[in-house]
Amino acid sequence: MKNNKTLYRALLLAGFILINAGILFGISQVIAYLNTGADRSKMLHLDLKQERFYIPDVTWESEVNPGRPMEEANRKKIEQDYLDAWHIKNTSFFTGKDAGITDHFTKNAREKIVELLAQNMEDQTYIQATTLSHHITLEFYSADGTIAVLTDRNVAGIERMFKNDKFLFERYFKEDYKIILLLEDGFWKIRHFEKTAIHKDPQKLVTVSPDQKLLEGINYYPQMSPWDTFGENFDVSILSNDFKIIKDLNLNSIRVFVGYDDFGKAIVSEEKLNKLELLLNEADKAKLKVIVTLFDFYGDYRLQDYTLTNRHMKTIVNHIKNHPAILAWDLKNEPNLDFDSRGEREVLSWLEQSISYLKHLDQVHPVTIGWSSPEAAMYLVDKVDVISYHYYQDLKDLSSAHKKLTSATNKPVVLQEFGMSSYYGMWNLLGNDEEDQAAYYKRFFETQKRDSINYLSWTLFDFGEIPSRVAGKLPWRKNKQAFFGLIDIDGEKDDAYLVIKNR
Amino acid sequence: MHNRKNIVPFLVLALVISSISLLSFYTPKEKPNTSAILFKISEIKDIIVSAEEQIIAFDTYDLNTIHSVNLVLSGTYGNIILNPILENEAPVFKIPNTFTKYAGSVAYCLFQNEKSLQKGVFRLLSDTTNIGSIENYLGPRSIVANERDYTMLVSIPTDSLGNLLPDGTEIELKTQFKNSITKNTERLSSGFAWKRIPAPLQTGRISTGSTLQKVSSKELIADIFPDLAQDFTISVNSNHNYADGNEIITFQTTQIKDKQGNIITDGTLVAFIIQDDLGAYWQTNATTINGFAFAKTLHPQSPSRWKIRATISGIAKSPKIDQVFVSILDSIPVNIQRNRQLVVGPLTSYLGQFVQDGISVSMQIDGKTYTRLTKNGEVTFQLKKEDHPKDKYTITVNTLGLETIKNIRFN
């Protein structure tokens with residue numbers, strides 16, 4: 001009895017304390033919530049970071065005008081507001097809503113847009129559009145700085161039309177516009193807007209041949225930073241060491257990967273560019289040619305993204321295109337794997353646009369796309385300079401798959417990825433071991449020599465930790481991915497190493 | 001039984017297929033020709049904008065598949081997609097007035113199943129016979145009367161549907177100032193005409209307007225303000241020049257004008273800077289009215305020579321002028337009375353009247369200084385026995401810029 005009494009007492013006391021603690025916690029949460037928000041330091045929105053969703057190429061062809069000299073700050077403001085107007089207008093015609101139109105068009109101009117929007121809503125017509133480049137001439141800037149007259153020539157862009165939720169067609173356009181802007185409420189708003197000319201867009205691409213007779217190479221990541229070549233562990237001495245090994249294998253080229261997010265999306269980070277340049281320097285010292293794979297881990301392909309991916313590409317390509325180590329640009333790794341999730345049309349359209357922009361940036365180096373299978377490699381065959389495919393099926397069909405491609409086109413064909421994982425273990429008891437891997441390479445070289453196949457194998461090293469975004473989270477997938485290398489995690493050379501070296 | 005049941009539909013099917021194939025075999029050879037250009041619309045010519053819808057007819061068409069065809073128009077503000085409509089049993093495209101109202105180049109494209117059949121370009125031209133309105137912009141709205149400054153008139157005429165008019169259209173830009181009216185005929189370029197209006201050399205207002213055909217704009221006005229003030233002179237005005245610490249002296253500028261003789265804007269701040277003969281500076285301010293500024297200050301209490309200059313800060317100044325203040329007394333009467341009272345005064349002014357109350361008198365004795373203010377022309381200092389025991393003393397009295405030394409003896 002007495003024991004019970006003490007127990008009740010203890011329980012009561014404990015309960016009382018718990019309830020009070022709960023109430024106090026609740027009150028403190030309410031007070032904390034009420035104290036958030038109105039922070040004086042945030043009143044002016046000084047810490048607001050602007051993320052840009054639309055960065056077309058803009059060239060000011062002339063600012064000479066009879067009215068008044070243009071000031072740098074106002075030119076930037078006019079450019080920003082004018083481009084925003086395009087973006088808002090494009091968005092409106094896609095969503096059917098006129099959000100933001102008020103801020104960028106004066107009352108009279110706004111009416112015209114709203115009227116057309118209503119017409120398109122009624123007809124169930126939607127237009128997805130973006131512009132890629134503008135060439136602006138300032139015709140006039142008034143003495144009081146409130147009127148600006150622009151001519152925007154060769155506005156290049158793409159539009160897709162949908163009717164009744166059905167895709168109708170896509171077209172490139174190149175047009176001239178005349179624009180009168182007024183400074184109202186601190187915004188440069190469009191008062192008059194008129195399309196003055198429509199140009200034919202030839203879209204002619206020049207084919208470029210690679211500067212390498214027979215491509216014999218390897219896909220490269222440093223052993224300690226797979227899928228993260230330009231990350232925290234970046235070290236020039238590791239690269240120079242690894243490149244010596246590749247040279248020891250008697251190979252002449254490597255393929256490296258530039259991540260879209262990793263390099264900072266549209267605003268490419270200076271630091272990453274420098275690292276990429278250092279890698280190229282090392283490759284050049286080792287007399288290795290480099291295929292740079294762009295847009296790794298990019299998977300959006302939306303029309304609204306085109307100006308951003310173009311800006312990303314422009315910064316990178318312009319930075320390194322004159323480097324002697326560059327062999328070719330691989331626009332995208334295995335884009336056909338995104339067909340299901342993003343739509344074949346969207347992906348191909350993005351690739352086509354990106355090829356043409358890449359060729360506009362660099363007319364010297366060939367462009368390829370790393371299709372994941374020989375079947376997919378015939379996409380855009382007349383747009384790329386080199387046809388690349390990956391092959392992880394049975395080697396006995398390689399020769400016929402390769403011949404099918406070489407007979408279908410005159411352009412060089414590259415087997416850009418192939419290899420065998422030497423993983424066997426808990427998740428794969430019947431997997432291949434190192435001997436199988438060596439045998440695989442031996443068989444491969446028989447075919448390669450007979451058909452003179454350009455190749456890059458996958459890959460130099462076995463890796464410790466595979467990032468989940470590469471092969472998913474499943475351990476049997478991850479582990480398989482970690483053992484494709486010729487040199488294992490302890491630095492021991494697999495048998496396949498010698499097979500390649502003494503091929 | 002089963003077999004027979006199954007054979008009947010097959011027989012029918014076979015018959016149908018064979019008849020179709022026979023038909024297709026016998027159909028005339030022109031079919032490949034028509035299928036090459038099954039749909040064709042008449043080429044769209046340049047048209048003038050209108051609030052009416054435009055009808056585009058087909059040259060060739062096939063009524064059975066007419067609904068797979070679309071006409072896409074890409075104009076200035078956006079695109080529209082048109083479906084063919086049957087009118088009098090013939091298909092047409094009707095371009096709605098939301099599209100035909102607005103000028104600009106239009107790309108058109110006849111589409112069938114994601115394939116373009118026919119392409120072309122036409123222009124929607126602004127309606128030069130129906131002028132809608134003229135928007136005028138004038139700025140800066142306030143300018144200065146000199147040779148450098150100007151304002152700018154920009155005229156943007158539009159047709160009745162709000163479209164810019166073609167380049168080369170003539171428009172008359174007009175300005176009026178006082179009694180003169182200027183008219184200029186300008187040609188539109190990029191949809192607008194503009195004119196630089198130099199500032200007149202007189203203050204006032206410029207009115208502007210423009211006319212195209214019989215349509216006029218609103219009137220816009222710019223104000224012309226005087227230019228920078230020119231240097232000026234000042235004078236002083238006072239009842240007398242005695243340093244009595246009581247009289248008010250007035251400083252006055254001449255009428256301040258700009259280079260062109262326009263009176264400067266009312267309210268311009270003029271600072272009068274005064275320096276006395278001890279090197280001390282002070283200033284008093286005034287704002288102008290009709291070009292004049294007046295400032296006042298008190299006479300000093302002791303004789304002095306003031307140098308006065310007026311400035312409009314950073315813009316204009318006057319030459320320095322002198323003002324001399326003379327003493328109102330020749331000597332200070334000082335009397336010692338029996339009860340150790342030292343009486344200074346009576347102090348009299350230039351007419352023999354008592355100086356006004358509140359004049360400061362200071363007296364030094366034995367290293368100590370006492371200061372009192374006058375009342376009825378006099379100041380009395382009580383020198384206590386405790387402070388100043390029996391002895392000889394030299395006292396110094398200062399007032400109104402004068403000094404008197406006196407030896408006294410307390411018993």
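The values are calculated or read from the model by the stated rules, or taken from the named source; none is laboratory data. Because the structure is predicted, anything quoted here is derived from the model rather than measured. Please note: Cβ atoms are built from the backbone with ideal geometry, for glycine as well, and neighbour counts cover all protein chains shown.
Tabulated values for the structure
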| quantity | calculated |
| --- | --- |
| Among (1) over 30 Å from A:LYS166 (Cα atoms); (2) more than 10 Å from every other protein chain (Cβ to nearest Cβ); (3) touching a Pro at 6+ places or on another chain (Cβ under 9 Å) - the single one B:ASN179 does not satisfy | (3) |
| Test: residue in region A:307-316 that is assigned by TED's automatic domain parsing to the domain that holds A:ASN454, closer than 19 Å to A:PRO210 by Cα and among the basic types (Lys, Arg) | no |
| Qualifying residue in region B:99-117 (condition: modelled with pLDDT of 90 or more, surrounded by 15 or more Cβ atoms within 10 Å (Cβ to Cβ) and away from chain A (no Cβ under 12 Å)) | no |
| Considering residues of region B:326-338 that are assigned to a loop (DSSP other than H, G, I, E, B) and among the aliphatic types (A, V, I, L, M) only, the residue farthest from B:VAL236 (Cα to Cα) | B:ILE332 |
| Helices (runs of 4 or more DSSP H) contained in region A:69-126 and holding at least 1 residues facing chain B (nearest Cβ under 9 Å), touching a Pro at 6+ places or on another chain (Cβ under 8 Å) and without any contact (Cβ under 8 Å) to a residue 12 or more places away in the chain | A:107-123 |
| Test result for A:THR137, surrounded by fewer than 21 Cβ atoms within 10 Å (Cβ to Cβ) and either of a type in the set (S, T, N, Q) or outside any helix (DSSP H, G or I) (or both) | yes |
| Residue in region B:314-325 that is touching a residue at least 60 places away in the same chain (Cβ under 8 Å), of a type in the set (Ser, Thr, Tyr) and assigned to a loop (DSSP other than H, G, I, E, B) present | yes |
| Failed criterion for A:GLY145 (all others in (1) over 33 Å from the mean Cα position of the chain (by Cα); (2) more than 10 Å from chain B (Cβ to nearest Cβ); (3) surrounded by fewer than 17 Cβ atoms within 10 Å (Cβ to Cβ); (4) in contact (Cβ under 8 Å) with a residue 24 or more places away in the chain hold) | (2) |
| A:GLN29 being away from chain B (no Cβ under 12 Å), over 30 Å from B:TYR137 (Cβ atoms) and not in a helix (DSSP H, G or I) | no |
| Selection count where residues are outside any loop (DSSP other than H, G, I, E, B), over 13 Å from the mean Cα position of the chain (by Cα) and crowded, with 18+ Cβ neighbours inside 10 Å, scope region A:321-337 | 5 |
| Region B:339-392 - residue that is in a loop (DSSP other than H, G, I, E, B) and among the aliphatic types (A, V, I, L, M) and, of those, nearest to B:HIS240 (Cα to Cα) | B:LEU351 |
| Residues that are crowded, with 20+ Cβ neighbours inside 10 Å and among the aliphatic types (A, V, I, L, M), drawn from region A:346-367 | A:VAL347, A:LEU351, A:ILE355, A:LEU358, A:VAL367 |
